[in-house]
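Colleague: My structure is below; once you've seen it, I'll send some questions.
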Amino acid sequence: MPSSQQHPAAWPIEKLLAECQSRRLRRSGPGGQHRNKVETAWWICHAPTGVTAEANERRSQAENRRQALFRLRVNLALEVRQPIPAGYQPSPLWQSRCSSGRVSVNPEHEDFPALLAEALDVLAASGAEPKLAAETLGCTASQLVKFLKKELRALALVNTWRKAGGLHPLQ
């Protein structure tokens with residue numbers, strides 16, 4: 001995707017943070033006697049879309065911030081759709097992660113939200129048909145479905161689209 005059309009989930013952290021509001025919070029969680037004494041939890045909101053994320057499971061404020069940003073990027077990938085332009089070509093990131101029809105990425109890797117956003121945008125544009133979307137993305141339909149299963153909310157979203165279109169759910 002051209003950078004002007006780049007999905008917010010694929011933006012560099014600095015650009016994303018420029019459009020976000022964030023707060024440190026006190027939350028219950030690990031920390032023993034330090035619990036509820038320090039603000040280690042992070043809440044972050046992408047102001048233009050209202051998409052939010054939070055992390056509070058670590059004792060480290062920095063680790064919670066990093067995790068909240070990652071969750072925000074995944075949530076943006078799930079909730080924000082970008083139109084697919086005519087003559088669309090998969091992004092260089094997608095091409096680097098897709099070889100011989102296989103999509104290779106760990107769901108905890110920093111590239112995952114951007115790849116998920118691109119896959120969902122193409123699926124939305126193709127009427128939630130994995131075969132058509134996979135042809136566009138340069139992978140196999142089974143690899144695309146396997147990729148969606150790495151984030152079960154993505155698979156549920158595509159199945160919602162499929163149900164609305166009168167199609168059977170993906171397994």
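The values are calculated or read from the model by the stated rules, or taken from the named source; none is laboratory data. All figures in this text were calculated on a predicted structure; none of them were measured in a lab. Here the Cβ is made from the backbone with ideal geometry for all residues, glycine too, and neighbour counts use every protein chain on show.
Colleague: Would you be able to tell me the number of residues in region 71-88 that are exposed (fewer than 13 other Cβ atoms within 10 Å of the Cβ) and either among the acidic types (Asp, Glu) or farther than 18 Å from Pro8 by Cβ (or both)?
Modeller: Of the residues in that region, 2 qualify.
Colleague: Does any residue of region 146-164 turn out to be in contact with a strand residue (DSSP E or B) (Cβ under 7 Å, 6 or more places away or on another chain), closer than 28 Å to Ile13 by Cα and not assigned by TED's automatic domain parsing to the domain that holds Thr52?
Modeller: yes
Colleague: Tell me, please, whether a residue that is within 16 Å of Glu151 (Cα to Cα), modelled with pLDDT of 95 or more and of a type in the set (Gly, Ala, Ser) can be found in region 44-53.
Modeller: Within region 44-53, one or more residues are within 16 Å of Glu151 (Cα to Cα), modelled with pLDDT of 95 or more and of a type in the set (Gly, Ala, Ser).
Colleague: Please identify the pairs in which a residue from region 138-167 that is over 19 Å from Glu79 (Cα atoms) has its Cβ atom under 8 Å from the Cβ atom of a residue that is of a type in the set (D, E, K, R) and assigned to a helix (DSSP H, G or I), counting only partners at least 6 apart or on another chain.
Modeller: If the second residue must be of a type in the set (D, E, K, R) and assigned to a helix (DSSP H, G or I), the pairs left are Ala141/Lys131.
Colleague: Within region 54-79, can you find the residues that are in contact with a helix residue (DSSP H, G or I) (Cβ under 6 Å, 6 or more places away or on another chain) and closer than 23 Å to Gln5 by Cβ?
Modeller: Arg73, Val74, Leu76, Ala77, Leu78
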